[in-house]
Amino acid sequence: MTKLFIGGLPYSHTNQDLQDMFAVFGTVISAQVVTDKFTNQSKGFGFVEMDSDEAAQKAISELNGSMLNNRTLGVSVARPREDRPRNSDGGGYNRDSGNGGYNRDNRSGSGPSRGGFNRNNNNKRSRY
């Protein structure tokens with residue numbers, strides 16, 4: 001069994017469309033278009049599990065780089081989650097280094113302000 005990654009899918013593509021596209025190459029075990037968990041709209045990529053390596057290789061050679069609804073498909077063997085490179089520079093919330101972001105833990109409590117809003121004695125916000 002081989003799991004394939006398919007990128008560049010039309011946003012209108014459904015799980016059934018994906019299964020039908022790959023069924024011509026062999027038995028499809030599963031086909032899933034990845035969707036946004038809040039809007040349920042396609043993210044434009046998905047995964048297909050083929051029952052044989054030969055069927056998967058045939059699908060890759062036939063579909064990779066092909067056009068579908070003015071989008072170029074990218075078809076390749078899916079990599080396991082642990083093999084994906086991690087973005088170690090981070091960013092976002094709750095970081096403990098740097099001068100920006102939310103909930104930063106590196107505030108010293110003394111010294112000049114690095115910007116932002118500070119309250120004065122009259123409870124009015126002032127910049128710096």
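Bear in mind these aren't lab numbers, they're just calculated from the coordinates by the rules spelled out. This structure is a prediction, so every number in the text was calculated from the model and none was measured. Because the Cβ atoms are built from the backbone with ideal geometry, glycine has one as well, and the counts that use them run over all protein chains shown.
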Exercise for the section: Kindly write out, for segment 43-53 in residue order, the coupling ³J(HN,Hα) from the Karplus curve 6.51 cos²θ - 1.76 cosθ + 1.60 (θ = phi - 60°), rounded to whole Hz, with x marking Gly and Pro. Expected result: 8, x, 8, x, 9, 10, 9, 9, 6, 9, 5
Problem - Asn15-Lys58 pseudo-label distance in nm [points 7 Å out on the Cα-to-Cβ vector] - result: 2.5 nm
Completion exercise
For the pair Glu82 and Lys37, the simple spin-label estimate (label points 7 Å beyond Cα toward Cβ) gives in nm 2.2 nm
Practice task
Using the 2.2 N^0.38 Å rule of thumb for compact globular proteins, work out how segment 2-75 stacks up: its C-alpha Rg over that value, please.
Solution key: 1.02
